[in-house]
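Right, one structure below, let's go through it.
The values are calculated or read from the model by the stated rules, or taken from the named source; none is laboratory data. As the structure is a prediction and not an experimental result, all values here were calculated from the model. Positions of Cβ are generated from backbone atoms using ideal geometry, with glycine treated the same way; all protein chains shown enter the neighbour counts. Quick note on the areas: whole protein, heavy atoms, side chains included, nothing else; ligands and nucleic acids left out. Shrake-Rupley method; radii C 1.70, N 1.55, O 1.52, S 1.80 Å.
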Amino acid sequence: MIELEGVPELIDPVMVAAFEGWNDAGDAASTAVAHLDREWKGEVFAALDAEDYYDFQVNRPTVWLDGGVRKITWPTTRLSVVRVGGDKPRDLVLVRGIEPSMRWRSFCNELLGFAHELGVELVVILGALLGDTPHTRPVPVSGVTSDPDLAQRMDLEETKYEGPTGIVGILQEACTHAGVPAVSLWAAVPHYVSQPPNPKATLALLNRLEDLIDVRIPLGELPEDARAWQVGVDQLAAEDSEVAEYVQTLEEARDTAELPEASGEAIAREFERYLRRRDGGPTGAAGGHATADGGDTGPGAWNPKDNPGGRARPPKPPRAGGDDEESSED
């Protein structure tokens, strides 16, 4: 039985989770949850026992000095809670950790136990994968769920993926079987520039999360970091003719595929976000206007709706012509 002493009664709580590892290309997802925790000054109220779920030869503990005293930080998953103010305040339960090495079913059951005790109404799991997407275009973000009713009600894709999966896919299915509404948001990270950090993908995930749960998220320096990241990748690509040609191929494929989406619903969605931030008071001012650096998914060459499980494929050198196989999973 999980007893949460010291945690106040929560208001319309949503659990937002992300895990380092296979489901976290460019560290985009885990950085998004870390950003929420930092901006809203989250207070950690629980941590899972590292001995139960982690192989310390895979995820090693770290030693550090605190006032001359040596201390050890063990790899684990921690839960914190933040309150989002405004006209309709609500609480977020933030879950940030590392994909466990073992006992995944027990791991998910323990997180679901916390969700039940806290009265969580929705679980949103963030992930990032490697995809054939150009760094010069808005980051595709796909929202998927295993619940057909939830998919229809929240305008999400119902996953049809079959194949290897990660902890994001396992936790989503555990939520579904437990009757807890769950959604996964996936950002596509260009496979030719997969090294972390990727602030542009982090920004895109936060923009989509903002729309999904109807809260304004203070973005801090993320928009500027995303612009700087893109400028840096532009410069690197310009120095290599093969990479530049490959990026151009991806751009042409993306632009052609998304041509029907360039008007109508996509534009309305971006305009609504702009209006919210313009009229949003202190939170909106802190976040700025970031729609140019992040974006929602459209029917492009990368389509992760059928996969809650992990990355598309390992990174590989770019080839001109873009004739790689399609991503096997999202």
Check your understanding: From the list Ser142, Ser101, which residue is in contact (Cβ under 8 Å) with a residue 40 or more places away in the chain and open to solvent by 10 Å² or more (accessible area, probe 1.4 Å)?
Key -> Ser101
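Within region 234-259, track down each residue that is surrounded by fewer than 20 Cβ atoms within 10 Å (Cβ to Cβ) and of a type outside the set (Asp, Glu).
Within region 234-259, Gln235, Leu236, Ala238, Ser241, Val243, Ala244, Gln248, Thr249, Ala253, Thr256, Ala257, Leu259 meet the criteria.
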Review point. Which ranges mark the strands (runs of 3 or more DSSP E) fully within region 43-112 that have 1 or more residues being under 24 Å from the mean Cα position of the chain (by Cα)?
Key: 43-47, 78-84, 90-98
Study note, to complete from the structure: Counting only residues that are surrounded by 14 or more Cβ atoms within 10 Å (Cβ to Cβ) and either farther than 30 Å from Gly42 by Cα or not small (Gly, Ala, Ser) (or both), region 218-233 contains a total of 10
Exercise for review: Could you tell me whether any residue of region 2-11 is part of a loop (DSSP other than H, G, I, E, B), in contact with a His (Cβ under 9 Å, 6 or more places away or on another chain) and not hydroxyl-bearing (Ser, Thr, Tyr)?
Suggested key: yes
Check your understanding: Here are Val120, Val124: which of them is open to solvent by less than 10 Å² (accessible area, probe 1.4 Å) and either assigned to a strand (DSSP E or B) or in contact (Cβ under 8 Å) with a residue 12 or more places away in the chain (or both)?
Key -> Val124
Practice item. Filter region 175-217 down to residues that are open to solvent by 10 Å² or more (accessible area, probe 1.4 Å) and charged (D, E, K, R), then give me how many there are. Key: 4
Revision key, fill the gap. Within region 17-29, residues farther than 19 Å from Met102 by Cβ, open to solvent by less than 10 Å² (accessible area, probe 1.4 Å) and not in a strand (DSSP E or B) come out as Ala25, Gly26, Ala28, Ala29
